[in-house]
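Let me begin by presenting the structure, written as structure tokens, before commenting on it.
The values are calculated or read from the model by the stated rules, or taken from the named source; none is laboratory data. Predicted model, so just to flag it, every value in this text is computed and none were measured. Ideal geometry is used to build each Cβ from the backbone, glycine not excepted, and the neighbour counts take in all protein chains shown. For the accessible areas, the whole protein counts, side chains as well, though only heavy atoms, and no ligand, DNA or RNA atoms are used. Shrake-Rupley method; radii C 1.70, N 1.55, O 1.52, S 1.80 Å.
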Amino acid sequence: MEASTYSTLFFNSLELISKSYNMKYSKRSFCAYQKLGEVFWKASFFCGSFLVDGQLKVTVQNQIKHCDFDAIQFSIIEPGKKRRITDALRVNASFAAGSLQIDSKTYYFPCDDTADFAGKADGYVREILDALLAKRTEFLTSALSNDGGLLPYLTNHWRDIPLEAGMAYLCESDYNGARRCFELAEKKQYIWQKSIGKSGRYLHLIFIDYCKAMQSGIEWTDDLVVNGFPANSLVTLP
């Protein structure tokens, strides 16, 4: 039996069971997600294309971000345009930035036959969701008690997670801090593999130019999003 048969059964259960946990589910992105005040949480599920020793391989990424990240991102890459930020957009936008991965785990579930797997799939899903929520609670509790919340946690750990910290600094309109983070990410090649426009500009490079513009009092435009500052620019940038 092909892995796709079992992965379909798994995702059918995930869609059903996630609702009982007060979560939403995206068929497009294979994600369960939930908005928790100013925090947006999602779990991304990936099923292997082939069975491994007769088992379905399921990898789950546990991710979290501040809800303001999406509004800030779209205000930068679509200057002057008003976009309604929905939870579906947060989870499905191919170039959404800023999610911090707090955990990643791989599970293996036996695939003896489809009927047996179908009968156990709900239990597999509950096992995963319970573990995800426990890890989420542990992280948020620690971030709140030790750092004062998600944004301070990100900025306090900027050297290790410069992309996510850069987004946190943008939330605070701290363009010096944000630029420092995105430039560190570029130096270390900690980059989002996502690009904007025909020229394929990476998000963090756009954000660096945005910080330069804000530091210099330069109007941010669509042209700067697509092309950045010209090499022979006469503008003195800090």
Residue among PHE46, PHE10 that is among the hydrophobic types (A, V, I, L, M, F, W, C) and without any contact (Cβ under 8 Å) to a residue 60 or more places away in the chain: PHE46
Residue within the stretch 44-54 that is in contact with a helix residue (DSSP H, G or I) (Cβ under 8 Å, 6 or more places away or on another chain), part of a loop (DSSP other than H, G, I, E, B) and of a type in the set (S, T, N, Q) present: yes
Only listed residue being basic (Lys, Arg) and crowded, with 17+ Cβ neighbours inside 10 Å, chosen from LYS105, LYS57: LYS57
Of the criteria (1) without any contact (Cβ under 8 Å) to a residue 40 or more places away in the chain; (2) of a type outside the set (Phe, Trp, Tyr); (3) open to solvent by 30 Å² or more (accessible area, probe 1.4 Å); (4) in contact with a helix residue (DSSP H, G or I) (Cβ under 7 Å, 6 or more places away or on another chain), which one THR86 fails: (4)
Residues being farther than 18 Å from GLN101 by Cα and touching a residue at least 24 places away in the same chain (Cβ under 8 Å) - total across the stretch 54-77: 8
Tally, over the stretch 162-172, of residues that are surrounded by fewer than 20 Cβ atoms within 10 Å (Cβ to Cβ) and either within 16 Å of the chain's Cα centre (by Cα) or without any contact (Cβ under 8 Å) to a residue 12 or more places away in the chain (or both): 0
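For (1) of a type in the set (Lys, Arg); (2) touching a residue at least 40 places away in the same chain (Cβ under 8 Å); (3) surrounded by fewer than 16 Cβ atoms within 10 Å (Cβ to Cβ); (4) within 18 Å of VAL39 (Cα to Cα), each residue gets a yes or a no:
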position	(1), (2), (3), (4)
LEU132	no, yes, no, yes
ARG136	yes, yes, no, yes
SER142	no, no, yes, yes
ASN146	no, no, yes, yes
ALA178	no, no, no, no
GLU183	no, no, no, no
Contacts under 7 angstrom Cβ, first residue in the stretch 204-227 being farther than 13 Å from GLY177 by Cα and in a helix (DSSP H, G or I), partner among the aromatic types (Phe, Trp, Tyr) and at pLDDT below 95, 6 or more apart: HIS204/TRP192; ASP209/PHE229
